[in-house]
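Structure record follows, encoded as structure tokens.
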Amino acid sequence: MDHHSLQKVQCCQGNLGKTAKPTPLVRMGPCLPGATEKTSKDGTAGIPNLQLYDVKTGACLKSFIQKKIQSWCPSWSEDEAICARNVNNEVHFFENNNFNTIANKLHLQKINDFVLSPGPPPYKVAVYVPGSKGAPSFVRLYQYPNFDGPHAALANKSFFKADKVTMLWNKKATAVLVIASTDVDKTGASYYGEQTLHYMATNGESAVVQLRDFYVIFLAKNGPIYDVAWNSSSAEFCAVYGFMPAKATVFNLKCDPVFDFGTGPRNAAYYSPHGQILVLAGFGNLRGQMEVWDVKNYRLISKLVASDATYFAWCPDGEHILTATCAPRLRVSNGFKVWHYTGAVLHKYEVPAQAELWQVSWQPFLDGVFPARTITYQAVPSNIPSEEPKAATAYRPPALRNKPGASSKLHEEEPPQNMKPQPGNEKAMSKTALKNQRRHEAKRAAKQEAKSDKSPDLAPAPAPQSSARSTVSQSTSGDPEADRKIRNLKKKLKAIEQLKEQAATGKQLEKNQLEKIQKEKALLQELEDLELGI
């Protein structure tokens with residue numbers, strides 16, 4: 001890392017058992033919301049529990065009484081020209097850190113949360129109001145300080161399934177992604193509630209991002225939304241969603257899928273500062289696997305494993321990655337590693353015994369200090385030997401440990417889009433499907449032989465070819481009613497094939513058409529039963 005000698009990693013650590021804490025880097029007082037709050041019975045305010053400090057002089061600029069523990073933290077614009085704070089049904093705005101005068105107010109009934117846009121003026125703000133008494137929840141976008149009037153909002157998006165939301169601005173402050181979550185999934189599909197992803201633009205456009213399993217034509221991919229990340233170009237975003245193994249898909253600003261990364265053990269997505277590289281990672285209860293992708297050519301660069309990592313951060317140069325294991329999430333094996341995105345470990349630090357690592361961060365730099373470099377696929381040299389993680393093995397009873405066993409996976413992972421069978425090529429069938437196919441073909445052959453024995457004057461029907469189940473077979477069962485049903489089923493399956501071809505070309509299908517596609521498996525089974533005479 002000698003050619004990046006100005007880059008630094010700052011870490012905070014301390015001895016176990018001591019009460020020392022890292023120096024705060026924000027202008028917030030030490031009191032937690034509600035910790036010292038006192039309100040008399042007549043409603044008059046008590047002791048302030050939120051203080052704002054000037055970190056240069058240490059002087060207390062202002063003290064407030066914060067009653068709600070949610071959305072309590074004030075928010076500054078990047079140039080610190082304005083500061084916003086949620087108070088009851090209003091968002092109060094202060095200018096130039098003058099907290100004695102409220103410069104502007106945004107008033108909406110029951111405002112629950114807000115997010116200021118990044119970047120320079122004009123400043124924008126996204127506000128969330130939860131639904132009540134049958135009214136839907138909604139998110140609105142405003143441009144500071146134009147808050148008054150019926151047409152002041154830049155965009156508005158309402159939805160019923162939302163107990164809380166997460167709002168994510170892109171870097172250019174032109175659009176917001178809204179993750180709407182419910183505490184309870186009424187369908188019973190998930191213990192953790194239900195989530196939907198919505199797109200809103202400052203030009204007034206809005207849409208629901210369809211999180212689907214594109215490997216199986218346009219079927220919904222059920223499960224939670226683990227992470228959503230904007231590319232620094234503000235022209236695309238990546239969503240990680242669905243029950244494990246989770247899917248990852250890149251969408252454009254029309255909310256159309258651009259590239260499908262298949263499924264894998266992942267729950268987070270991180271774009272590099274220049275937007276050229278995307279890391280798909282699985283942290284927390286996963287083993288720390290990371291996939292590094294070139295998102296310009298959609299080519300896999302490397303695969304890394306950062307076991308027990310609790311923190312991930314890109315270096316501002318867009319070439320180095322920081323992973324760390326920090327307390328209090330994990331109090332053992334604390335330390336951090338600096339990686340090159342091609343997979344080499346360039347620096348490793350382990351915290352001494354009886355000490356904890358609390359926080360690690362890169363030294364910040366302004367945008368443009370480090371120019372974008374050409375992506376390389378060959379690992380850079382490193383003096384630190386690579387550590388291959390031990391492969392997790394399934395438990396085997398003592399009686400079977402010395403005997404060969406068939407390997408099996410709990411979940412079949414889907415390959416990325418550029419590694420999947422292309423349209424027009426026959427999809428490879430699994431071992432179970434091939435076995436079932438042979439069994440059904442044997443039944444058909446036995447039935448045909450039995451018919452030929454009963455009717456010697458009739459020419460025996462040729463045995464069906466060894467191929468996948470076809471919807472265009474012209475064989476008859478001898479029962480006019482069954483033949484009629486078979487013809488109707490074949491017509492429906494042919495229509496479904498046409499719908500799938502239209503979907504593959506990018507045509508947007510209607511809801512009833514998508515429901516027809518979802519019935520294909522049941523229709524195929526019914527057709528097979530009729531042809532077998534079951």
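Tabulated data
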{"read-out": "Value of Rg/Rh across segment 349-388 [Cα atoms, Kirkwood radius]", "value": "1.09"}
{"read-out": "Hypothetical label at residue 222: residues of segment 253-284 whose amide nitrogen lies under 11 Å (7 Å Cα-Cβ projection)", "value": "none"}
{"read-out": "Highest to lowest packing among 100-108, 163-171, scored as the average C-beta count within 10 Å", "value": "163-171, 100-108"}
{"read-out": "Modelled label reach - residue 97, point 7 Å along Cα→Cβ, segment 57-79 residues with backbone N closer than 15 Å", "value": "57-63, 75-79"}
{"read-out": "Mean accessible surface per residue for segment 69-208, computed with a 1.4 Å probe while every protein chain stays in place, in Å²", "value": "51"}
{"read-out": "Centre separation in Å (Cα based) which lies between segment 481-518 and segment 121-166", "value": "40"}
{"read-out": "Separation in nanometres of the label points that stand 7 Å from Cα toward Cβ, at residue 367 and residue 69", "value": "3.7"}
{"read-out": "Pair residue 61, residue 522: separation of 7 Å Cα→Cβ label points (nm)", "value": "6.2"}
{"read-out": "Fully extended contour minus Cα-Cα distance, from residue 383 to residue 252, at 0.36 nm per residue", "value": "43.1 nm"}
{"read-out": "log₁₀ of I(q)/I(0) at q = 0.19 Å⁻¹ - segment 292-347, Debye sum with one point per alpha carbon", "value": "-0.69"}
{"read-out": "Rg to Rh, two decimals, where segment 54-161 supplies the alpha carbon set and Rh follows Kirkwood", "value": "0.99"}
{"read-out": "Two-site label geometry, residue 233 and residue 514: point separation in nm, points 7 Å out along Cα→Cβ", "value": "2.7"}
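The values are calculated or read from the model by the stated rules, or taken from the named source; none is laboratory data. Just so it is clear, the model here is predicted, and its values are computed rather than measured. Note that each Cβ is placed from the backbone with ideal geometry, even for glycine, and that neighbours are counted across all protein chains shown. The protein model used for the area step is the full one, side chains on, heavy atoms only, and it has no ligands, DNA or RNA in it. Shrake-Rupley method; radii C 1.70, N 1.55, O 1.52, S 1.80 Å.
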